[in-house]
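Please read the structure below before turning to the comments.
The values are calculated or read from the model by the stated rules, or taken from the named source; none is laboratory data. Bear in mind that the values here come from a model prediction, so they are computed numbers and not experimental data. So basically every Cβ, Gly included, is an ideal-geometry build from the backbone, and we count neighbours across all protein chains shown.
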Amino acid sequence: MPTQTAYSQKAPSRAEVNTLPGATVLEFGTDWCGYCQGAQASITKALEPHTNIRHLKIEDGPGRPLGRSFKVKLWPTLIFMRDGAEISRVVRPTSATEIAEAFASL
C-alpha cells in the first residue's frame, strides 16, 4: 500500500526546526519502506483530530542531516516537538493508540 502523502525530499535545517513555534510532529521515513507504508493508516488516524498541529513528513537516509541530528535509526520515527524542543518520540508505531499517547504529551 503506497503512502498517502510522499515524504518530502527537501528538509528544513535543524536550526529552522528548533525555531518552529507551537506543536510540530516530524515524521522520518521513506516512500519505499515497508514499515513506513504499514504504519500510514495508524499515523493518519492518530493525526485526524490534530489538524492544528504541524506535520512534516521528511525523507530520511544516509547523509540526510536532519534525521542524523535527531539520531533517527529506524523508520518511521515520529518526533513530537513543542517550540523546537523534543517532547517525545514513537519509533515504528504499530497502532494509532501508541501515537495518540505521544500526542497527549504535547
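So the values come out like this:
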read-out	value
Subset tally (residues that are touching a His at 6+ places or on another chain (Cβ under 6 Å) and farther than 19 Å from F70 by Cβ) for segment 1-46	0
Extreme residue, surrounded by the most Cβ atoms within 10 Å (Cβ to Cβ), among residues of segment 55-101 that are free of Cβ contacts under 8 Å to residues at least 40 places away in the same chain and touching a Pro at 6+ places or on another chain (Cβ under 9 Å)	V90
M1, sole failed condition from (1) among the hydrophobic types (A, V, I, L, M, F, W, C); (2) farther than 17 Å from I79 by Cα; (3) at pLDDT 95 or above	(3)
Single match in I99, I43, I79 (criterion: aliphatic (A, V, I, L, M) and closer than 22 Å to E16 by Cβ)	I79
Filter pass, L66 being hydrophobic (A, V, I, L, M, F, W, C), closer than 15 Å to R14 by Cα and not in a strand (DSSP E or B)	yes
In segment 1-27, the residues that are closer than 21 Å to A104 by Cβ and within 14 Å of the chain's Cα centre (by Cα)	A23, T24, V25, L26, E27
Meets criteria (crowded, with 16+ Cβ neighbours inside 10 Å, closer than 21 Å to A100 by Cα and among the aliphatic types (A, V, I, L, M)) for L26	yes
Any hit, segment 37-58, residues being among the polar types (S, T, N, Q), closer than 20 Å to S8 by Cα and in contact with a helix residue (DSSP H, G or I) (Cβ under 8 Å, 6 or more places away or on another chain)	yes
Members of segment 31-89 that are touching a Leu at 6+ places or on another chain (Cβ under 7 Å) and farther than 19 Å from A104 by Cα	I58
Pair list, Cβ under 9 Å, 6 or more apart: segment 8-36 residue of a type in the set (D, E), other residue surrounded by fewer than 15 Cβ atoms within 10 Å (Cβ to Cβ)	D31/P2; D31/A6
Residue list for segment 6-23, filter: surrounded by 12 or more Cβ atoms within 10 Å (Cβ to Cβ) and among the β-branched types (V, I, T)	V17
Residue list for segment 30-50, restricted to those being in a loop (DSSP other than H, G, I, E, B) and within 17 Å of T97 (Cα to Cα)	E48, P49, H50
Residue within segment 20-29 that is assigned to a strand (DSSP E or B), in contact with a helix residue (DSSP H, G or I) (Cβ under 9 Å, 6 or more places away or on another chain) and among the acidic types (D, E) present	yes
